[in-house]
Structure formats: structure tokens, C-alpha cells
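One structure is given below, encoded as C-alpha cells.
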Amino acid sequence: MLDYHSKIDPLRIVNVLDNRQETKEVKSLFFRDPLCLDAKPGQYIMVWIPGIDEVPMSLSRIDEKGSSSITFKRVGEGTEALFKIAPGEQLGIRGPYGNCFQAVKGKCLVIGGGTGLASLFPLLKMLVASESSITCLYGGKTATQLLFKDELTNLLSSPTHQFIVTTEDGSYGKQGIVTSALQEQALSEHFDMVYTCGPELMMRSIFEFTEQRELPIQACMERMVKCSIGICGSCVIGEYRVCKEGLILSTEKLRSVTDEFGKYERTSDGRKECYSTN
């Protein structure tokens, strides 16, 4: 077992309570941890898979009947191992880390793409509790890849909320990409805050849209986080270490990194390279 003695940031071993299949390639692992129960929407934890890797994961549920969850897509060795973990088995976690979404009471626009919706799920619950008026736009490639569809339909069932889904193949909701739905929706409405999480190219497009209309935005960055304590440089964008000064970047911070945001990313050794469109 890893020997980790920090009193501020202890590694904890937690039991997996449930392994929920969300889609064919996405699962949620549920566990009980006191520190995670006190986390804020937008924060993340580092998940240790013994002998394989340690990976960052946003909390997709913070306190659901006394448990929390991470939600992830099977994309590599680490997530492949997580996919196979069964209830009763164990994980190592540390955190929560990072800043959090700031709730604004009023008219809020929440835009999620793909598994980016996992980071936005606790935010949506917080906004509903604060009695904000919510328009949620969620985009995926196809109906079978949509997350939390039924849960969000119930959560946003009030007449004061809207839940609009787009799929690229038209198999559910509106056909097209989520930024097209944004153009239609925001042209006729003003919002007090825009929140987003998803592919960085998508968020760059949303940021440019909010700048044109002078709308404030909070974006959850999905950069390569390795150390979580601000020393390795793999997650840097402009002057910000996303693991420390993020994951949530607001309008002012995004304005200062427009030369990199959606244009460049970092490799595993911290080098900057053109952002991949794949």
C-alpha cells in the first residue's frame, strides 16, 4: 500500500458501494467518504488504481444518500481498470481539489458536452435548490451516449427550467451540435450566468459567444492533471495551473488565456502542442 502521511491531503482507501452502467462506455462508481461529502460542485479528486495509475476525476455526485460518485468513460488503461471494479472492492482517493462553480441566483444557462455533463450534474442540483431559472443544453453524438437523461428530465421538470438535448445523428432531441442550439436559445434570452464543461474546442466556441453578448461565464477545464498540487506543469494554461487555480475558470481568467484556450494543450511532459481535434 502507498505510504502517504500528509495530514492536509491524506490518501484514503474507500469501498466501492455500487458500479453503475450509465452507457455502454461510461460507468459511475459510488463510495462513501466524509471529505467528498463536503465537496463543492466542480471540484475533483485523484483516484489511485494500485499498480496502474492515478487519475483526476470530477465528482459527479457529492451527497446522494450519503455517498459520492465519479463518472468516467473507458478511454485508457486506468479507466479500463476502473470499469472492472465491482462493489466491495477498494479505491484510493485524495482530495477534493480545486475551486468550484459559483452559484448565481437568476437565469442560468448550463451547457454540457459528452462526459463533461458529469461535472455539471452537482451544479445543476445546487442551482435548482437555489431556485434559479435554468436552461440546460446537453449535446452528445447519439442517444445511447447521453448521460443522466432521465435524472435530469426529473430534476428540471419545473416550468421554470428547460432541458434541451441535441444529438449529432438526430437519434434523440434536436439534430445537430450543442453550440447550434446555443445560438437559437441565447438569441432570444438574456442570462445572468453561463456554465459549461466539455471538449475544450466546444467551450472556446461558447466563450466567444458569451463575449459577443457580454455574458459572464464559468468553464470547467478538462486539462491533463497529474500531480494535483501545482508542480508538474502538465495542466498549465497561460499563467494558471488548472489543478490549483481551476478547474473552474471565469470570464476574466479565460480572457487572459485566449492565445491558448482551445488552441494548445500540454503533453504528458508539459510541452505545449496544437490542440487535437480528434
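The values are calculated or read from the model by the stated rules, or taken from the named source; none is laboratory data. All values derive from a computational prediction rather than experimental measurement. Glycine gets a Cβ as well: all are built from the backbone with ideal geometry, and neighbour counts include every protein chain shown. Only protein heavy atoms, including side chains, enter the accessible area calculation; ligands, DNA and RNA are left aside. Shrake-Rupley method; radii C 1.70, N 1.55, O 1.52, S 1.80 Å.
Tabulated values for the structure
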{"read-out": "Trypsin sites (Lys or Arg not before Pro) restricted to DSSP loop in the stretch 26-128 with at most 12 other C-beta within 10 Å", "value": "65, 84, 105"}
{"read-out": "Accessible-area ranking of 231, 45, largest first, probe 1.4 Å", "value": "231, 45"}
{"read-out": "Percent of beta bridges antiparallel (DSSP, the chain, rounded to nearest 5)", "value": "60 percent"}
{"read-out": "Furthest towards positive pole of dipole, 120, 102, 69, structure part the stretch 62-133, Cβ charges", "value": "102"}
{"read-out": "Charge sum, other residues only, whose C-beta stays under 9 Å from residue 132's C-beta, Lys/Arg counted +1 and Asp/Glu -1", "value": "0"}
{"read-out": "Binned Cα-Cα distances of the stretch 113-271, short to long, each 10 Å bin given as a whole percent", "value": "10, 37, 35, 16, 1"}
{"read-out": "Chymotrypsin sites (Phe, Trp or Tyr not before Pro) within the stretch 1-104: DSSP coil, no more than 13 neighbouring Cβ in 10 Å", "value": "4"}
{"read-out": "Loop-located GluC sites (Glu not before Pro) in the stretch 131-238, at most 14 other Cβ atoms within 10 Å (DSSP)", "value": "131, 168, 189, 214"}
{"read-out": "For the chain, calculated [θ]222 nm from helices alone, where every DSSP H run of n ≥ 4 adds -39500 (n - 2.57)", "value": "-6000 deg cm²/dmol"}
{"read-out": "Accessible area of residue 274 in the full protein assembly, 1.4 Å probe (Å², nearest 10)", "value": "100 Å²"}
{"read-out": "Listed residues 193, 224 arranged by accessible area, highest first, probe 1.4 Å", "value": "224, 193"}
{"read-out": "Greater than 29 Å apart at Cα, pairs in 226/263; 65/253; 149/253; 73/125; 244/272; 40/253", "value": "65/253; 149/253"}
